[in-house]
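Enquirer: Structure incoming, see below.
The values are calculated or read from the model by the stated rules, or taken from the named source; none is laboratory data. All values derive from a computational prediction rather than experimental measurement. Backbone-built Cβ (ideal geometry, glycine too); neighbour counts: all protein chains shown. Areas reflect the complete protein model, heavy atoms only, side chains present, ligands, DNA and RNA absent. Shrake-Rupley method; radii C 1.70, N 1.55, O 1.52, S 1.80 Å.
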Amino acid sequence: MTHDFQWTDENKVALDAVIEANRGERGVLITVLQKAQEILGYLPREAMEYVADKLRIAQSEVFGVATFYAQFSFKPRGRHTFLSCQGTACHVRGGDKILKEVLRDLKIEAGDTTEDRRFTVESVYCIGCCSLAPAVIVDDEVHAKLTPKKTKDLLNRYE
Ligand code: FES
């Protein structure tokens, strides 16, 4: 699935303000990239090119710095993050069915974000609550002993 990035005037004005406020400061590039991700929700290539241009830094340097830090995401993220545990305890208690149900319901693959940006779904390995298997984490909240039916209801609770 491709997500075409579009600037809005508001985004550009906000990012320009950050660039001007930090120009010449130490660590300006990281600060600007962090703020760009906050404003845009992720770091599209277009934003990195724009920052490089505005700060008069080589694009390769901006890409290099951004890819070095795990905090930057180059794909759009959903408003909610759904982590489906596929560790052993969860897997044997039906964690695989939970994940399948979620992906089928949202019509995406693991690691992807829904077109409407409602969810990003990721498969993870042990979230430290094996006695509650199968478990998932939605945003910061653990949901335990799920069934495919309960999972459907759970998804519906998030806008
Ligand atoms: S295997 Fe899922 S919480 Fe440990």
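Enquirer: Would you tally the residues in segment 12-27 being open to solvent by less than 60 Å² (accessible area, probe 1.4 Å) and modelled with pLDDT under 95?
Expert: Qualifying residue count for the region: 1.
Enquirer: So in segment 132-159, with the set limited to residues that are without any contact (Cβ under 8 Å) to a residue 24 or more places away in the chain and exposed (fewer than 12 other Cβ atoms within 10 Å of the Cβ), which one is nearest to PRO76 (Cα to Cα)?
Expert: Top of the filtered list is ASP140.
Enquirer: Still on this structure: Mind checking which residues of segment 123-137 are over 12 Å from ASP96 (Cα atoms) and outside any helix (DSSP H, G or I)?
Expert: Here is the first cut: in segment 123-137, the ones over 12 Å from ASP96 (Cα atoms) are 126-132, 137.
Those that are over 12 Å from ASP96 (Cα atoms) and outside any helix (DSSP H, G or I): CYS126, ILE127, GLY128, CYS129, ILE137.
Enquirer: List pairs: first residue in segment 58-69 and under 12 Å from LEU33 (Cα atoms) and not assigned by TED's automatic domain parsing to the domain that holds GLY27, second residue of a type outside the set (A, V, I, L, M, F, W, C) and surrounded by fewer than 10 Cβ atoms within 10 Å (Cβ to Cβ) anywhere in the structure, Cβ distance under 6 angstrom, at least six positions apart or on different chains.
Expert: If the second residue must be of a type outside the set (A, V, I, L, M, F, W, C) and surrounded by fewer than 10 Cβ atoms within 10 Å (Cβ to Cβ), no pairs are left.
Enquirer: Right, here's the next one. May I ask you to list the residues in segment 22-48 that are touching a helix residue (DSSP H, G or I) at 6+ places or on another chain (Cβ under 9 Å) and over 17 Å from TYR69 (Cα atoms)?
Expert: Within segment 22-48, ASN22, ARG23, GLU25, ILE39, LEU40 qualify.
Enquirer: Okay, next question. Pick out the one residue from GLY94, GLY111, GLY128, GLY78 that is more than 16 Å from the ligand (Cβ to nearest atom) and on the phi > 0 side of the Ramachandran plot.
Expert: The conditions single out GLY111.
Enquirer: Among the residues of segment 49-66, is there at least one that is touching a helix residue (DSSP H, G or I) at 6+ places or on another chain (Cβ under 8 Å), within 30 Å of LYS152 (Cβ to Cβ) and surrounded by 13 or more Cβ atoms within 10 Å (Cβ to Cβ)?
Expert: No - not one qualifying residue is present in segment 49-66.
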